[in-house]
1. Give me the one-decimal nm value for the distance between modelled label points at residue A:314 and residue A:270, 7 Å along each residue's Cα-to-Cβ direction.
2. Using only Cα atoms, tell me the angle between helix B:75-85 and the longest principal axis of chain B; keep it within 0 to 90° and round to the nearest 10.
3. Pull up the DSSP beta bridges for the protein assembly as shown and report the antiparallel fraction as a percent, rounded to 5.
4. How big is the convex hull of the Cα atoms of segment A:96-208, per residue, in Å³?
5. Quick check: residue separation of residue A:133 and residue A:180 times 0.36 nm, minus the Cα distance between them. What number comes out in nm?
6. Extending each Cα 7 Å along its Cβ direction at residue B:266 and residue B:170, get the distance between those two points in nm, one decimal.
7. Could you tell me what percent of the DSSP beta bridges with both partners in segment B:8-272 are antiparallel, to the nearest 5?
8. Can you check how the C-alpha radius of gyration of chain A compares to 2.2 N^0.38 Å, as a plain ratio?
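Read the figures in this text as sums done on the coordinates, not as results from a lab. Not measured: the values here are computed from a predicted model. Because the Cβ atoms are built from the backbone with ideal geometry, glycine has one as well, and the counts that use them run over all protein chains shown.
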């Protein structure tokens, strides 16, 4: 059997759901005709047909069927492309999940630019922002398969409504079998005293590479990975900002309302320092490759490096 | 009155008393969704006193029949029925919509014993009921999930997603009721967004469909019982009702959806317009 980090993220999503279903039959997998994209068809649908609910292209119904299942003690994981799993069904999630306090887990796949070939109609840059603005909703974004598995295990053991981004392809290994996930806790991936770099999900692998390179060149980077965008680890952010005095954020999202905004809110109220947000600068997406979009929107590795160097000059 | 010993005279008296109490609750609140609550009085009494298998002393009893009212704004009739069944004290009823109340304008599972699902945003409840019915199937439980939707609410496309889902999954433990009072906020349903042919629509989606007079106790009992016994597919009962039924001031009028009761004169106007205004309030 392949090592976990040799697997696609979606394959680990399906495998972990199957493992959870073995020990807890209440865990359910719901899809809206994108199960093959999420990796659960046929992996979960064949292995646990009674725990798998195909809803067809009807995301609103899927979310509320999930709410009904949760009212009866089930633990439904409802997946679709992040554009359909968040903005398309925002009212269903708001009322039937968060307001009603029903234990539904929502999985938004192919977030941000990872939707590449499907283009602008399918690229969702605002799911972190809009899901974060919803009371009683947690918002997560794992950076590798080990963290994804730990996150899914934690979600299945909790009665907290939550939204999780899921990048579908392989991602480089960052953690190992000992990975843990705690809502509201950030992970310090590298320590440094010159600049704080904050990332989540898909962007953490790039942030790590940049932090390694900068550190080798004499710029100490404190790298804070935030798998839990909400609740945010304000304590860790403030501690790092006190140490470095400057913060760069990077996310695979619109900088309006997402991780960068959350960091600005937290530090603005608790420990103001110069901050530079990187991500999509309030624009729609388009059919394009990762490199093209990084360059166009200035949030690839090169831009992260430059932002970290530039912000040093803004320090008090 | 209980499931075993049905008494038509008591049923009719209870109908009049609940209508009066519901209207008083809305008057106490100063405004509220009266019309769509009054159209469902006989339905709720029939469900809770003759059809549904429930235990008011144990609202979350696992084997109970469930009820989802997707038209959550009809909550006053549900709250009144639950209080009369003993789920909570009747003196909660005049606190409808008051600051800090347990009885908000739209049906709330979090604060009200006996409410099985929180609703309020139209179009979502039938899907929630589908999830509950599916869970019962998976867990090999024999209870029925009832779901009341509004006629205006039927404009919402999500109902038709749920309609396909329930039929596809053979949810014969699901009984839906359309409160077809022919009125929605902006006017008559025929003028706003016509639903007809409504029976054929649900039939074509694979449901067993009944029609009933939603104010006739014998028809209600017969159709609800028959719908509960349908096998192999979900059941829909189109309940022909009158919005604001029993309050002559608003009966079958466009303004009946949400009434304003700014002062004592308005309160007197609505309460004196009840079909039986000689009711002693229980709180």
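1. Inter-label distance under the simple model: 2.0 nm.
2. That works out to roughly 90 degrees.
3. That works out to approximately 15 percent antiparallel.
4. 123 Å³
5. The residue A:133-residue A:180 span can extend by a further 14.4 nm.
6. Distance between the two pseudo-spin positions: 5.3 nm.
7. 15 percent
8. For chain A, the normalised Cα radius of gyration comes out at 0.96.
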